[in-house]
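Colleague: Attaching a single structure in structure tokens format; questions to follow.
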Amino acid sequence: MTTEQPLPDQQPPAAFPRAESIAEFAAALADVRARIDETALRAGRNPGDVRLLPVSKTVPQERLRLAVAAGAHELGENKVQEAKRKSEEMADLDISWALIGHLQTNKVKDMLTFVSEFHALDRIKLAETLDRRLQAAGRGLDVYVQVNTSEEESKYGLAPDATLPFLREVATFDSLNVQGLMTLAMNTTDTERVRRCFRLLRSLRDRARDENPALIGPGGLSMGMSGDFLIAVQEGATVVRVGQAIFGARPLPDSYYWPSDR
Ligand SMILES: *Cc1c(COP(=O)(O)O)cnc(C)c1O
């Protein structure tokens, strides 16, 4: 993979424009998509191998309806209660909901009422609870296993060394369809440190695949957000989770969504 290429500029969050109409949402989505495609091609990748998952947390339904009309039919949310409420408010629309944030075991039941994929599987207790409820409902769920690649204590996710043993154990839960690995890179302007997080995730994916391809399903990599998705694409992301670059800067600080300094 050619990672030495210069990146198109990524804007600071304060500069993210706020789309207010279907046309503005269509333009914002197309702009992010074009930058993904261009970066993928320059890295020798097929742009079709990178999915753009718009992240709609904090965005109220009035604006989300515009985004959906502009073509966003998959939405990522960080919190179960907010996502469940929105899925109910917008039940008339064709939307697949992804939960991408930390999940408490006691919220599993609520999540399963609306979710079609889950990106933050990080402990066996949670896998057990999910599997029990999914088996009872006679369905499966696409999941990504979250790894803490930045080694910031505050972050959720498995320690890198714990990832392979965890995947072996998760393989015993028939209802959980592992799609790959997920991470949040270090929150820093030092792009080399960010890149190291993404590379670590990719190498863990490769190691799992070498041991037994069944451990990791299609071997996806859910990584990259508004501030770093182009680096993630260069490093092999198959799903980028992009909020602010589509919906505009969030009013609440990131510390509201992540345990500490993000
Ligand atoms: C909010 C969030 C994102 C998107 O972040 P932006 O800065 O809005 O692009 C990605 N992943 C997770 C887990 C999130 O909570």
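Colleague: Within segment 141-152, which residues are over 14 Å from residue 203 (Cβ atoms), in a loop (DSSP other than H, G, I, E, B) and either within 16 Å of the ligand (Cβ to nearest atom) or touching a Phe, Trp or Tyr at 6+ places or on another chain (Cβ under 9 Å) (or both)?
Modeller: Of segment 141-152, the ones over 14 Å from residue 203 (Cβ atoms) are 141-146, 148, 150-152.
Those still in the list that are in a loop (DSSP other than H, G, I, E, B) too: 148, 150-152.
Within segment 141-152, 148, 150, 152 qualify.
Colleague: Every residue in segment 50-69 that is free of Cβ contacts under 8 Å to residues at least 60 places away in the same chain and either in contact with a Cys (Cβ under 8 Å, 6 or more places away or on another chain) or under 27 Å from residue 179 (Cα atoms) (or both), please. Break it down into steps so the answer makes sense when it comes.
Modeller: Residues of segment 50-69 that are free of Cβ contacts under 8 Å to residues at least 60 places away in the same chain, as a first pass: 60-62, 64-66, 68-69.
Scanning segment 50-69 gives 64, 68.
Colleague: Part of a loop (DSSP other than H, G, I, E, B) and farther than 20 Å from residue 102 by Cβ: is that true of residue 224 in this structure?
Modeller: When the stated conditions are applied, residue 224 does not pass them.
Colleague: Condition first: touching a residue at least 12 places away in the same chain (Cβ under 8 Å), of a type in the set (Asp, Glu) and either in a helix (DSSP H, G or I) or surrounded by 18 or more Cβ atoms within 10 Å (Cβ to Cβ) (or both). Now tell me which residues in segment 153-186 satisfy that.
Modeller: Correct list: 169 only.
Colleague: Checking residue 178 against (1) under 17 Å from the mean Cα position of the chain (by Cα); (2) within 13 Å of the ligand (Cβ to nearest atom); (3) among the aliphatic types (A, V, I, L, M), which single condition isn't satisfied?
Modeller: (2)
Colleague: For residue 101, work out the one condition from (1) modelled with pLDDT of 95 or more; (2) in a loop (DSSP other than H, G, I, E, B); (3) under 24 Å from residue 234 (Cα atoms); (4) out of contact with any Asp or Glu (no Cβ under 8 Å at 6 or more places or on another chain) it doesn't fulfil.
Modeller: (4)
Colleague: Related question: Of all residues in segment 125-146, how many are over 13 Å from residue 108 (Cβ atoms), more than 18 Å from the chain's Cα centre (by Cα) and surrounded by 14 or more Cβ atoms within 10 Å (Cβ to Cβ)?
Modeller: 1
Colleague: What number goes with the only condition from (1) of a type outside the set (Phe, Trp, Tyr); (2) surrounded by fewer than 23 Cβ atoms within 10 Å (Cβ to Cβ); (3) away from the ligand (no atom under 16 Å from the Cβ) that residue 226 does not pass?
Modeller: The single condition residue 226 does not satisfy is (3).
Colleague: What is the residue count in segment 1-32 for residues that are within 22 Å of the chain's Cα centre (by Cα), modelled with pLDDT under 95, farther than 21 Å from residue 61 by Cα and not aliphatic (A, V, I, L, M)?
Modeller: Count: 7.
Colleague: Which ones in segment 63-98 are assigned to a strand (DSSP E or B) and either touching a His at 6+ places or on another chain (Cβ under 9 Å) or more than 16 Å from the ligand (Cβ to nearest atom) (or both)?
Modeller: Scanning segment 63-98 gives 76, 96, 98.
The values are calculated or read from the model by the stated rules, or taken from the named source; none is laboratory data. In this text the structure is predicted, and so the values were computed from the model without any measurement. Reconstructed Cβ throughout: ideal geometry from the backbone, glycine too, with neighbour counts over all protein chains shown.
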